[in-house]
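The values are calculated or read from the model by the stated rules, or taken from the named source; none is laboratory data. Model, not experiment: these values are computed from the prediction. Every residue, glycine among them, receives a Cβ derived from its backbone with ideal geometry; neighbour counts consider all protein chains shown. Ligands, DNA and RNA are excluded from the accessible area calculation, which covers all protein heavy atoms including side chains. Shrake-Rupley method; radii C 1.70, N 1.55, O 1.52, S 1.80 Å.
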Amino acid sequence: MTDGPFLLAPDLAGGPPPEPLDADQIRARLSLRSAKPNVSTLLGFELVDFSIEERWLEARFHPTPQLANLRGSVQGGIITAMLDEVMSLSVLVAERFTCGVPTLEIKTSYYNPLPVEPCVARGQAMRIGGRIAFMEGTVWTPGGEIATKASATCQVRRVKPAPKP
């Protein structure tokens, strides 16, 4: 694996539509994700598991004290970013990384404070259409309580083949 277009969203990489990735290639790409300087490293992303067929992804996040609010728990916007990450990745996994999936809207509901400790989040692609996907996500506290739930929509940006001369 190399730097460059491989790590870009397929809709930004240019060239022909990408080949669908298999489960091993997806696992490798998601492992690289936590090694590159991006939002995943800020959130402390660590892949737990995923299912291409069932369209879900689970990750562990390792928030740092810099991500806490004044009450000492993880700040709500950071939790929403964790949810955006797992929900978007659930669509990418389901589509085998052949498209880009920018989030269009997200609704987040907070139930319990999230301590600044490792936590688990799960994203689920509920429906994937030609241009829009619907997603849901949950973050659990280290004690197993639901901290936060979200629902979101994203644009499904597929690379169009170049026109033939």
- Message: Here are the criteria: (1) farther than 20 Å from K149 by Cα; (2) open to solvent by less than 30 Å² (accessible area, probe 1.4 Å); (3) assigned to a helix (DSSP H, G or I). Tell me which single one L21 does not satisfy.
- Response: (3)
- Item | Qualifying position, being more than 12 Å from the chain's Cα centre (by Cα) and of a type outside the set (A, V, I, L, M, F, W, C), among T103, T80, T41 | T41
- Just give me the residues in region 115-146 being in contact (Cβ under 8 Å) with a residue 60 or more places away in the chain and over 19 Å from S88 (Cβ atoms), in sequence order. P118
- Query: In region 54-77, what count of residues is obtained for those that are crowded, with 22+ Cβ neighbours inside 10 Å, closer than 21 Å to Y111 by Cα and either of a type outside the set (F, W, Y) or without any contact (Cβ under 8 Å) to a residue 60 or more places away in the chain (or both)?
  - Reply: 3
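Hey, does region 114-123 have a residue that's over 20 Å from Q66 (Cα atoms) and part of a strand (DSSP E or B)?
The answer is yes; a qualifying residue exists.
Table: residues versus (1) closer than 14 Å to L43 by Cβ; (2) of a type in the set (A, V, I, L, M, F, W, C); (3) at pLDDT 95 or above.
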residue: Q66; (1), (2), (3): yes, no, yes
residue: Q75; (1), (2), (3): yes, no, yes
residue: S88; (1), (2), (3): yes, no, yes
residue: C99; (1), (2), (3): no, yes, no
residue: N112; (1), (2), (3): no, no, yes
residue: G143; (1), (2), (3): no, no, yes
residue: K149; (1), (2), (3): no, no, yes
- Go through region 96-149 and give me each residue that's surrounded by fewer than 13 Cβ atoms within 10 Å (Cβ to Cβ) and among the polar types (S, T, N, Q). S109
- Query: If you check every pair at least six apart or on different chains, which have Cβ atoms under 7 Å apart with a residue in region 79-105 that is farther than 18 Å from V159 by Cβ first and a residue that is aromatic (F, W, Y) second?
  - Reply: M82/F61; E85/F45; S90/W56
- Run down L43, L47 and say which single residue is open to solvent by less than 60 Å² (accessible area, probe 1.4 Å), free of Cβ contacts under 8 Å to residues at least 24 places away in the same chain and under 14 Å from C119 (Cα atoms). L47
